[in-house]
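Trainee: Input: one structure, supplied below.
The values are calculated or read from the model by the stated rules, or taken from the named source; none is laboratory data. Keep in mind the model is a prediction, meaning the values are calculated, not measured. Please note: Cβ atoms are built from the backbone with ideal geometry, for glycine as well, and neighbour counts cover all protein chains shown. In case anyone asks, the SASA skips ligands and DNA or RNA and just uses the protein heavy atoms, side chains included. Shrake-Rupley method; radii C 1.70, N 1.55, O 1.52, S 1.80 Å.
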Amino acid sequence: MNATAPPPSARLLGGRIPYVEGPLKVTGRAEYTDDIQRPGMLVGRVLRAPWPHARLVALDVSRARALPGVYAVLTGEKYPTPFGVLPITHDETAIAVGKSRYIGDIIAAVAAQDERTAEAALALIRAEVEPLPEYSDPRMGVQPVAEPIHARGLNGSNIQKEVLQHFGDVDAAFAGAAHTARVRGTFAGVTHAFTEPLVTIAESTPDGRLTVWSATQVPHYLHRALAEVLGIPMHRIRVVKPEVGGGFGGKSDPLPHEIVCAALAIETGRPVKVLFDREDVFYTNHGRHPTQNDVKIALDRDGNIVAYDIEALIDGGAWSSFGTVTTYYNGVLSMGPYRVPNFRYKGRRVYTTKPPSGAMRAHGGTNLRYSIELALDILAEETGVDPFDLRLRNALPPNSVTVNQFRITSTSFRECLEAVRAKSGWAEKFRRLPYGRGIGLGCGFYISGSNSPIHFTPKMPQSTVHLKVDMDGGIAVHSMQADIGQGSNTLLAAIVAEVVGVDLERVHVQRVDSDVSPIDLGSYSSRVTFMMGNAAKAAAESLLVPLLEAAAQLLGTTPDRVAVGHERYYRRDAPEQGVTFLEALHGAMETRGALTASGNYRSPSMGGSFKGARAGTAPAYSFAAYVAELAVDVETGEYKVEKIWAAFDCGRALNRLAVEGQIQGSIHMGLGQVMGESMNYRGARLFNPSLLEYKIPMPQQMPDVEILLVGKDDPEGPFGAKEAGEGPLIATLPAVGNALYDAIGVRFTELPITPDRVLRGLDLRAKEGRPWKGH
C-alpha cells in the first residue's frame with residue numbers, strides 16, 4: 001500500500017470522524033479516575049509547606065498517627081529516592097526530604113477513613129524548620145548563592161541548565177547587516193487549567209502487586225518512576241489510565257502525588273485515593289515557564305535574514321521537570337519556519353522557590369516565537385516591506401537542512417502565507433483600518449514528535465500497537481498511547497478500520513493497562529499522530545496479510561490480485577466476485593485461530609554530533625501563518641479579537657473534526673496567555689491559585705475562527721499526516737501582538753497584554769510624541 005496517501009476509496013481518513021468515546025462522554029458514562037470505586041478505599045491528603053525555602057529540622061507526626069481513623073502518616077524519609085521525567089535530572093522527591101523548596105511543597109501525607117479525619121490529621125502535624133533564603137526571581141540565582149535550592153545547581157548557583165550554541169559567525173553577520181531589530185520579551189508563567197483535577201487511586205494486594213489508576217499523559221514514565229521510588233520491580237506494578245479530562249502537558253510528568261498515593265496504599269494495605277482540589281493543582285503546576293528573552297535579528301540589503309542572536313532567562317521553579325529540554329527549545333525552535341544561516345543562543349534555566357514549571361502546550365516555542373515575530377514586523381516596517389513579503393522571502397524550503405542540522409522534509413509554509421493573506425483581505429486592511437482597529441500576522445513552527453526518546457535504555461520503538469481479532473469479528477486494539485481528549489483513540493481506530501476495510505464500529509480501542517498494552521511513550525511533544533499512527537498502520541497492514549491470503553484462497557486467485565473494499569475483499573479482475581470480511585476472517589482462522597498482529601514505529605536517526613544536537617529534532621514539523629483582526633477601546637484599554645484566520649500545515653488532516661477542534665482550542669489557549677492569564681506572585685507566594693482569579697478567556701472573548709488546512713502530504717507521516725495538537729497555538733500570540741501595533745501604534749513586549757498595560761502604552765506613545773493614524 002502507498003506509504004503516504006490513504007487508499008483511493010478512503011471511507012474514513014480525511015473526513016470528519018466523530019470521537020468513538022463521544023457517546024459515553026456526553027451521557028456521563030465515560031469512566032475517569034475519580035469515578036473508580038474500590039472496596040474499603042481510604043482518603044489520601046498531603047500537607048504543603050507554608051514557607052518558600054526551609055530546612056526541615058523535625059516533623060512531629062505522633063498526634064496525627066494517634067488520631068482514630070488514621071491509617072498511615074508518611075514523611076519524606078520513608079521514600080527518599082529522587083525521580084523526574086528526564087533521567088538526567090532526577091531531583092524531585094515524592095515528599096520533601098531535608099528541606100522544602102517552595103510554598104506548596106509536600107512535606108507529609110496521610111491516609112484516613114474520610115476527608116474530615118484526613119484534614120484533622122494534617123492539622124495535628126507540627127514542623128520545626130530553619131528558614132532559608134528565598135529566591136523568587138531567577139536573576140537572584142545566576143551567581144553563586146548562600147544556600148542553593150539544589151546541590152546540583154551550576155557552580156554553587158541556582159542555574160539548573162545552561163545552553164550555549166553558536167553556528168556560523170553571528171558577530172560578522174550583525175557587523176555587515178543593513179538592518180537589525182531587537183525585542184526584549186517578558187512573559188508571565190501560565191498554567192494548563194485542564195478541567196479534570198489531578199487524581200490517583202492505588203491498591204496494594206496480597207499477591208504482591210500494586211495497581212495504580214491515574215489521570216496521566218505518560219503511563220509508561222509513571223510506571224518507571226513508581227518502580228524506582230518504591231523499589232518494586234516493574235512487572236509487579238500495573239498502571240491503568242482511565243479517561244483523562246485534559247492535560248496540555250500538565251500530566252506529562254510522573255507527579256509526586258501519584259507516588260504518594262501508591263506509598264500510602266502499600267503502607268495501609270488498603271486502596272487509597274488522592275484527589276486534588278484546584279489550589280493543589282496550581283501548586284503542582286508544571287506549567288509554562290516565566291521567561292525573559294532577548295531576540296536580535298539581522299537582515300542584509302535584500303531583506304534576507306542573516307543572523308539570530310538570542311538569550312533566554314527561564315524561571316524553572318523548584319524542580320527540573322522537562323527543564324533541560326525547555327532550555328534548548330527556547331533557542332533551537334527558532335530554526336523554522338525561516339532560513340537562518342548564523343545562529344547564537346544562550347539559555348539559562350534557573351531554580352526558584354516557586355511551584356515548578358514544566359511542559360505546557362507548544363512547550364519551549366511559544367514565548368520565543370512571540371519575540372521573533374515582533375522583531376520581524378519591526379524589520380518589515382523599517383525596510384518598507386510588507387510583513388508577508390519579508391516572511392515569504394525567508395521561508396524554509398522543503399527537503400532542506402537548517403544550520404543546526406534539523407532535517408526539514410515537507411513544508412507548506414509558503415502556501416500558509418499565501419492562503420491567509422488572501423482570505424483575510426490583508427491588502428485592503430493592513431495600515432488602512434481606522435485608529436483603534438488593526439490586523440496582524442504571526443507565524444509558527446513546531447515539532448511533530450521528539451525524535452529522541454527520553455530513556456536511552458533499553459532501546460525500543462517509540463510506539464507499538466497490537467491487534468487481535470477472533471471469530472466474532474471485533475478488532476481489539478492495544479496501545480499505551482494516552483488519549484487525553486485530543487481524539488487519538490478515534491484516529492487509532494480509524495487507521496485500523498481504513499487499512500483492513502471494515503466499519504469503524506468493529507474496532508475497539510482498549511483502555512491503557514500496562515499489563516496488556518504495549519509501550520508507547522505517551523502524549524507529549526505532539527508525537528501521537530505521527531508515531532502511534534505509523535505503528536497502527538503497520539499493525540493493520542500486518543493483520544491484512546492473512547485476511548487477503550484467505551480471501552484469495554476462497555476466490556481462487558492470489559493475494560496480490562485481491563482488493564480491499566468496504567467489509568469485503570474482491571478480485572481486482574472481477575470486482576463482482578468477493579467475500580465478506582467475516583468469511584475471510586473465518587477462513588484465515590482455520591489454521592491459526594485468532595489473528596494477532598503488531599506494528600511499531602522508531603524515528604530515523606538524525607541531528608548532529610555536537611552537545612544538545614538531538615534537542616528539537618523531529619521526523620517532521622508543522623507550520624502556521626495566522627492573521628488576527630481586532631478592535632481596541634482606547635478609553636479603557638480593553639480590546640476584542642474579532643476574527644482569526646488560521647492557515648495550518650499538518651500534512652494530510654486524517655480527521656478534520658479533530659484537527660479543527662485542536663486549532664480552535666489552541667487559539668483559545670493562546671489568547672489566554674496574550675490577553676490575561678498569569679500566575680501572579682508576591683515574592684514566592686502565588687496569589688491566584690484558583691479558577692476564579694486566574695483569568696481564562698470567557699466564551700464571548702473567543703473570536704470567529706476560519707481554518708485553512710493547506711498542508712501537503714508528509715513523506716514519512718502516516719498517510720501523510722503531521723502534528724496538529726500543539727503547533728496551532730504558537731502563531732496566535734504574535735498575530736494579536738502585531739495587530740495591536742497596527743491598531744494603536746504600540747508594541748507590547750510584556751505578556752499578558754492587559755487593559756492597564758494598553759493604557760500605559762498609549763500614554764507612553766503620547767509622551768514620546770509619536771502620532772499613529774492621525775492620533
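Trainee: Name the strands (runs of 3 or more DSSP E) wholly within segment 113-195 that hold at least 2 residues that are more than 28 Å from the chain's Cα centre (by Cα)?
Mentor: Filter on segment 113-195 gives 126-131, 179-187.
Trainee: Is it the case that D713 is farther than 27 Å from Y283 by Cα, part of a loop (DSSP other than H, G, I, E, B) and assigned by TED's automatic domain parsing to the domain that holds A647?
Mentor: In short, yes.
Trainee: What pairs come out if I take residues in segment 332-349 that are at positive phi and β-branched (V, I, T) and pair them with residues that are open to solvent by less than 10 Å² (accessible area, probe 1.4 Å) and in a strand (DSSP E or B) whose C-beta lies under 6 Å away, six or more apart or interchain?
Mentor: none
Trainee: Among the candidates L709, L740, L764, which residue alone is open to solvent by 10 Å² or more (accessible area, probe 1.4 Å) and either more than 30 Å from S450 (Cα to Cα) or among the β-branched types (V, I, T) (or both)?
Mentor: L764
Trainee: Looking only at segment 26-39, which residues are loosely packed, with under 11 Cβ neighbours inside 10 Å and assigned to a loop (DSSP other than H, G, I, E, B)?
Mentor: T27, G28, R29, Q37, P39
Trainee: Scan segment 592-613 and give yes if some residue there is touching a residue at least 40 places away in the same chain (Cβ under 8 Å), in a helix (DSSP H, G or I) and basic (K, R), otherwise no.
Mentor: Within segment 592-613, one or more residues are touching a residue at least 40 places away in the same chain (Cβ under 8 Å), in a helix (DSSP H, G or I) and basic (K, R).
Trainee: Follow-up. Output the number of the condition that T617 fails; it satisfies all remaining conditions of (1) outside any strand (DSSP E or B); (2) out of contact with any strand residue (DSSP E or B) (no Cβ under 6 Å at 6 or more places or on another chain); (3) over 22 Å from P718 (Cα atoms).
Mentor: If we test T617 against (1) outside any strand (DSSP E or B); (2) out of contact with any strand residue (DSSP E or B) (no Cβ under 6 Å at 6 or more places or on another chain); (3) over 22 Å from P718 (Cα atoms), just (3) comes out false.
Trainee: For segment 518-542, which positions are in contact with a helix residue (DSSP H, G or I) (Cβ under 8 Å, 6 or more places away or on another chain) and surrounded by fewer than 24 Cβ atoms within 10 Å (Cβ to Cβ)?
Mentor: Those that are in contact with a helix residue (DSSP H, G or I) (Cβ under 8 Å, 6 or more places away or on another chain) and surrounded by fewer than 24 Cβ atoms within 10 Å (Cβ to Cβ): I519, K537, E541.
Trainee: What's the number of the condition R63 fails, among (1) under 27 Å from the mean Cα position of the chain (by Cα); (2) over 24 Å from G231 (Cβ atoms); (3) in a helix (DSSP H, G or I)?
Mentor: R63 satisfies all of (1) under 27 Å from the mean Cα position of the chain (by Cα); (2) over 24 Å from G231 (Cβ atoms); (3) in a helix (DSSP H, G or I) except (1).
Trainee: Any idea how many residues of segment 213-227 are of a type in the set (K, R) and open to solvent by less than 10 Å² (accessible area, probe 1.4 Å)?
Mentor: Within segment 213-227, residues that are of a type in the set (K, R) and open to solvent by less than 10 Å² (accessible area, probe 1.4 Å) number 0.
Trainee: What is the number of the single condition among (1) assigned to a loop (DSSP other than H, G, I, E, B); (2) open to solvent by less than 50 Å² (accessible area, probe 1.4 Å) that E660 does not meet?
Mentor: Here E660 meets the rest and fails (1).
Every residue, every condition in (1) in contact with a Cys (Cβ under 8 Å, 6 or more places away or on another chain); (2) in the same structural domain as Y446 (by TED's automatic domain parsing); (3) more than 21 Å from P546 (Cα to Cα), yes or no:
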| site | (1), (2), (3) |
| --- | --- |
| T557 | no, no, no |
| D560 | no, no, no |
| V564 | no, no, no |
| Y570 | no, no, no |
| V579 | no, no, no |
| T596 | no, no, no |
| G607 | no, no, yes |
| T617 | no, yes, yes |
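Trainee: Here are G336, G347: which of them is assigned to a loop (DSSP other than H, G, I, E, B), at pLDDT 95 or above and buried (at least 24 other Cβ atoms within 10 Å of the Cβ)?
Mentor: Checking each option against the conditions leaves just G336.
Trainee: Kindly indicate whether any position in segment 518-525 is polar (S, T, N, Q) and within 18 Å of the chain's Cα centre (by Cα).
Mentor: Yes, there is a match, as at least one residue in segment 518-525 is polar (S, T, N, Q) and within 18 Å of the chain's Cα centre (by Cα).
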